[in-house]
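*Asks:* Starting off with a structure, shown below.
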Amino acid sequence: MNPHDRVPVVLVSGIADAPMFTVTAALQWDLPTAVAVRHEIDPAREVLIRTVSDADGLIDRVEIDVAHACVSCAIREDVVPTLERLAAAGSWEAIIAHLPVSAEATQVCRVLGYQPDAAPHLRIAAALVALEGSTLRTDLLGDDLLVERGLPVRDDDLRGVAETASAMVEYADLVIAHDLDDDGRDLLAAIARPDARVAGSASEVDARVLLPGVHRHDHSEDWVQAVRRGPLPTRTDGKAWVLDFSSERPFHPERLQQRIEALGRGHRRSRGCFWLPSRPTQVCRWDGAGGMVSIGPEHVWDEAGPLTRIVIVGVDDDREKLAEAFHSCLLTDAELAERGRYWEVASDGLEPWLGPVRGGIGIQEWS
């Protein structure tokens with residue numbers, strides 16, 4: 001099928017149902033020939049609830065028993081198949097997909113990227129995030145867990161609100177945050193992709209402009225990758241700041257463990273990559289938000305070679321302390337002269353997080 005003939009899908013994600021519902025309703029109003037499908041998860045009953053409606057009213061509402069009431073299962077087992085079924089029906093001009101609370105558009109787009117044959121009748125036109133402007137700073141930089149908010153997630157889902165919301169914003173083509181003030185808009189601009197649009201209400205957005213397709217999967221993926229080699233946009237004003245720490249030197253394994261709290265704690269968003277002299281071929285991912293830091297193994301370095309780069313977004317006054325923490329983790333001139341960039345060691349103390357020094361994979365969180 002010609003890509004231009006596929007049915008456009010607008011994905012709506014978020015961390016609270018109310019702003020997501022408001023945006024979905026506004027999109028339905030602007031797109032009377034569209035169909036809306038809403039997925040909700042009831043983890044207590046292990047049920048996935050799917051509701052389908054269009055301008056004529058309710059079309060279908062069904063509860064589906066699921067073995068594991070989690071976001072990834074919902075997307076794989078019902079969200080993507082339902083979107084494809086509605087697109088293949090050929091009855092609507094577009095589809096509005098209200099994802100389960102805390103589900104990221106990234107998850108849907110990657111399923112379609114890895115398995116394009118799973119949905120040959122649709123294309124992702126836009127990834128939209130709906131947030132609440134009055135709680136934006138806490139949602140993006142605070143230390144709440146999803147379960148502490150009483151959100152519909154499993155009790156063993158230990159994701160942070162800031163970790164989840166920030167990742168959504170970074171991937172989004174459009175962020176709508178109701179009651180958005182200047183500080184909130186500035187914070188979103190510091191976290192979001194440079195060409196993403198930020199709006200204070202759904203009324204600021206012409207939904208029809210989204211349908212030709214503002215989403216480019218490869219472009220979005222480049223921005224959210226752990227390894228980013230290109231320059232970041234320059235910021236000259238606003239309360240939110242961005243620190244871009246970059247070096248060709250590796251982190252010292254022991255000092256990293258000693259200083260990780262100084263670098264990763266606090267109400268900030270941080271992400272990037274690093275390497276270690278004990279693991280010179282392994283890309284190590286850094287992902288932090290709201291005082292929680294997750295590090296884990298990625299793949300191997302490409303031909304451009306290893307890089308240590310952590311980008312931190314914040315609004316506090318601790319930038320000098322962060323700079324000191326980052327640079328203190330790097331190998332010194334003396335250490336490079338004495339031991340070089342590549343160490344032959346059997347262990348570096350980071351096995352619980354990065355797996356064995358020679359092979360294997362592990363992941364863990366500091367919090």
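The values are calculated or read from the model by the stated rules, or taken from the named source; none is laboratory data. Here the structure is a predicted model, which means the values were calculated and not measured. Cβ coordinates were reconstructed from backbone atoms using ideal geometry, including for glycine residues, and neighbour counts include every protein chain displayed. Protein only, heavy atoms only, side chains kept; ligands, DNA and RNA dropped before computing areas. Shrake-Rupley method; radii C 1.70, N 1.55, O 1.52, S 1.80 Å.
*Asks:* How do 223, 241 rank by accessible surface area computed with a 1.4 Å probe, from largest to smallest?
*Replies:* Details: 223 40, 241 15 Å².
Putting 223, 241 in descending order of accessible area: 223, 241.
*Asks:* Where Lys and Arg each count +1 and Asp and Glu each count -1, what net charge lies around residue 66 among other residues with Cβ under 9 Å from its Cβ?
*Replies:* Values: positive: none; negative: 46, 65, 77, 78.
Charge balance in the 9 Å sphere: -4.
*Asks:* What does the net charge come to around residue 134 if you take all other residues with beta carbon closer than 9 Å to its beta carbon, with K and R at +1 and D and E at -1? Present the calculation step by step, with values, prior to reporting the outcome.
*Replies:* Numbers: positive: none; negative: 132, 179, 181.
Net charge in that neighbourhood comes out at -3.
*Asks:* Tell me, what are the semi-axes, in whole angstrom and largest first, of the equivalent ellipsoid of the chain as set by the roots of 5 times the Cα gyration tensor eigenvalues? Can you show the working numbers first?
*Replies:* Working: eigenvalues 297, 97, 74 Å².
Gyration-tensor ellipsoid for the chain: 39, 22, 19 Å.
*Asks:* Same structure again: Local charge sum around residue 5 (other residues, Cβ-Cβ under 14 Å, Lys/Arg +1, Asp/Glu -1)?
*Replies:* Values: positive: 6, 123; negative: 93.
Local charge sum for residue 5: +1.
*Asks:* Here is a follow-up. So how much slack lies between residue 281 and residue 77, counting 0.36 nm per residue of separation and subtracting their Cα-Cα distance, in nm? Before the final figure, lay out each step's value.
*Replies:* On the way: separation 204, 0.36 × 204 = 73.44 nm, distance 3.59 nm.
Fully extending the segment from residue 281 to residue 77 adds 69.8 nm.
*Asks:* For a quick check of understanding: with a 1.4 angstrom probe and all protein chains in place, what accessible area in square angstrom does residue 21 have, to the nearest ten?
*Replies:* 110 Å²
*Asks:* To test your reading of the geometry: what angle, between 0 and 90 degrees and rounded to tens, separates the Cα axis of helix 182-191 from the longest principal axis of the chain?
*Replies:* With both axes taken from Cα atoms, the answer is about 70 degrees.
*Asks:* Let me ask something else about it. Ordering 27, 336 from largest to smallest accessible area (1.4 angstrom probe), what's the sequence?
*Replies:* Numbers: 27 10, 336 45 Å².
The most accessible residue leads, giving 336, 27.
*Asks:* Whole number in Å², please: accessible area per residue of the chain, 1.4 Å probe, ligands, DNA and RNA not counted. Numbers along the way, then the final one.
*Replies:* On the way: 16690 Å² over 367 residues.
Value returned for the chain: 45 Å² of accessible area per residue.
*Asks:* Ok, one more. Mind checking the angle between helix 253-264 and the chain's longest principal axis? C-alpha axes, 0 to 90 degrees, to the nearest 10.
*Replies:* With rounding to tens, the tilt is 50 degrees.
*Asks:* Taking springs between alpha-carbon atoms closer than 10 angstrom, which of 28, 107, 115 fluctuates most in the Gaussian network model of the chain?
*Replies:* Per the Cα network of the chain with a 10 Å cutoff, 115 tops the list.
*Asks:* Next question. Considering the chain as a Gaussian network with a 10 Å cut-off on Cα pairs, which listed residue, 44, 192, 125, attains the greatest mean-square fluctuation?
*Replies:* Sorting by GNM fluctuation, first place goes to 44.
*Asks:* Which order do 358, 259, 61 take when ranked by solvent-accessible area (1.4 Å probe, heavy atoms of all protein chains), largest first?
*Replies:* Values: 358 170, 259 65, 61 130 Å².
These residues rank, largest area first, as 358, 61, 259.
*Asks:* Could you report the accessible area of residue 309 in Å², rounded to 10, computed with a 1.4 Å probe on the protein chains as they sit in the structure?
*Replies:* For residue 309, the solvent-accessible surface is approximately 20 Å².
*Asks:* Mind telling me which of 169, 71, 47 comes out most flexible in a GNM of the chain, alpha-carbon contacts under 10 Å?
*Replies:* Of the options given, 47 has the highest mean-square fluctuation.
*Asks:* Let me ask something else about it. Using the alpha-carbon atoms, what tilt in degrees (0 to 90, nearest 10) does helix 105-114 show relative to the longest principal axis of the chain?
*Replies:* Its long axis makes an angle of about 90 degrees.
*Asks:* Another one. How large a share of the accessible area of the chain, in percent, is made up of carbon and sulfur atoms when the probe is 1.4 Å and the other protein chains stay in place? Let's see the in-between values first.
*Replies:* Values: 8350 of 16690 Å².
Exposed carbon and sulfur together represent 50 percent of the surface.
*Asks:* Determine the calculated [θ] at 222 nm for the chain from helices alone, applying -39500 (n - 2.57) to every DSSP H run no shorter than 4 residues and normalising by the residue count; nearest 500 deg cm²/dmol.
*Replies:* Calculated at 222 nm, the ellipticity per residue is -8500 deg cm²/dmol.
*Asks:* If amide hydrogens are placed 1.01 Å from N in the peptide plane, which non-local residues have theirs closer than 5 Å to the one on residue 288?
*Replies:* Residues meeting the amide H criterion: 270, 271, 294.
*Asks:* Something else about it: Could you state the principal axis extents of the C-alpha atoms in the stretch 222-337, from the largest down, to the nearest angstrom?
*Replies:* Principal axes ranked by extent give 39, 30, 25 Å for the Cα atoms.
*Asks:* Further question: Using only the Cα atoms of the stretch 289-338, build the gyration tensor, take square roots of its eigenvalues as a ≥ b ≥ c, and label the shape rounded, prolate or oblate: rounded if a/c is under 1.5, else prolate if a/b is larger than b/c, else oblate. Please report the intermediate quantities before stating the final value.
*Replies:* Details: a/c = 2.41, a/b = 1.27, b/c = 1.90.
It comes out oblate by the Cα gyration axes.
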